[in-house]
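The values are calculated or read from the model by the stated rules, or taken from the named source; none is laboratory data. Just so it is clear, the structure is predicted and the values come from calculations on it, not from any experiment. Reconstructed Cβ throughout: ideal geometry from the backbone, glycine too, with neighbour counts over all protein chains shown.
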Amino acid sequence: MSKTLFLFLFSPNPDSYINAICYAYEKLDVKKVKLIHVKGAKTALSDKDAPLVKNRIWSQIEGLSKGEYIVFPKDLTALDRSQKQLNNATRIDVYRRIQEDFLDDGVVDIHYDKLKEGLDSVFRKYGGTKPKNYVVDLTSGAKAPTIDIFSVCLALGVDQIYIFELADTPDRANPENSLYHALPADKFSYTCLTKSAAVMAGRAAFLRKRSLRWAVMLISLVVWATSTAFFLSQGSNSQPLQYIMVLSGIVGLVSPIVSSVSERRA
């Protein structure tokens, strides 16, 4: 089944988003894209800026499909712009295909203070019920909201979370040379953050701790059930019951110690 790209708007520069859209479209079986603006998050965009950046993204893709690069002014509200012809137009067909396959249906807003509820709703509405069909892009993300969004995505079962990175500093004089069609494969990376060594180690440690805690809980439950059965059948003076009660106390004392030790080792 095709996937949906959920692309978060953090920066006024449309080029990095275009790179992410192109790669996801060609390599990750993405057939839909949804732009997301997080209201209340500290980013380079205000609530009024997000729709303007969206317009620039799709305008730039249209221009690139015609072999032109649009030079936008820094002021997002300014209407003046200029075009320059692309020096390398050998792979611009990807922009035309994206135009044909993707619909510009605006920007969806979610609130920072209700991030989990908002993301869960947006993911389900535009991507379906299976997290394996979600591709989340955090390119150009601001530090604090990016960490929060990443954490919430993991909690919602999303493990395809990416960022697009250039190998070299962008050419400010010729920014079109840093766009997808002009980039050799060794000049960029589209990194899945959940597959990084640090994240995988952290998730493995969490799973180990969770497994250990479940084991301790299960042992405690078995001891409690056994002692209860003995109490009902033998009475409080039963010697086996007294042994079990002592064991129950030991388990109760050891459980937090084991959990604490496992957390330190992880």
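Would you be able to say whether some residue in the range 160-176 is under 22 Å from the mean Cα position of the chain (by Cα), farther than 23 Å from H37 by Cβ and either part of a loop (DSSP other than H, G, I, E, B) or assigned by TED's automatic domain parsing to the domain that holds S59 (or both)? Yes, the range 160-176 contains at least one residue that is under 22 Å from the mean Cα position of the chain (by Cα), farther than 23 Å from H37 by Cβ and either part of a loop (DSSP other than H, G, I, E, B) or assigned by TED's automatic domain parsing to the domain that holds S59 (or both). Once the range 1-29 is narrowed to residues that are closer than 16 Å to S140 by Cβ and among the aromatic types (F, W, Y), the residue that is surrounded by the fewest Cβ atoms within 10 Å (Cβ to Cβ) is Y23. For the range 30-43, indicate whether the set of residues that are hydrophobic (A, V, I, L, M, F, W, C), crowded, with 21+ Cβ neighbours inside 10 Å and assigned to a helix (DSSP H, G or I) is non-empty. So far as the range 30-43 goes, no, none of its residues is hydrophobic (A, V, I, L, M, F, W, C), crowded, with 21+ Cβ neighbours inside 10 Å and assigned to a helix (DSSP H, G or I). Note on the range 137-146: among residues that are assigned to a helix (DSSP H, G or I) and more than 12 Å from L115 (Cα to Cα), the one that is modelled with the lowest pLDDT is K143. Against the numbered list (1) more than 20 Å from I161 (Cα to Cα); (2) part of a helix (DSSP H, G or I), I70 comes up short only at (2). Scanning the range 122-145 for residues that are under 26 Å from P14 (Cα atoms), touching a residue at least 40 places away in the same chain (Cβ under 8 Å) and surrounded by fewer than 17 Cβ atoms within 10 Å (Cβ to Cβ) turns up just one, A144. Within the range 99-121, restricting attention to residues that are within 24 Å of S59 (Cβ to Cβ) and aliphatic (A, V, I, L, M), the residue that is surrounded by the fewest Cβ atoms within 10 Å (Cβ to Cβ) is L103. When restricted to residues that are in a loop (DSSP other than H, G, I, E, B), more than 22 Å from K54 (Cβ to Cβ) and touching a His at 6+ places or on another chain (Cβ under 9 Å), the range 80-109 contains 5. Among the residues of this structure, S46 does not count as one that is polar (S, T, N, Q), modelled with pLDDT of 95 or more and assigned by TED's automatic domain parsing to the domain that holds L115.
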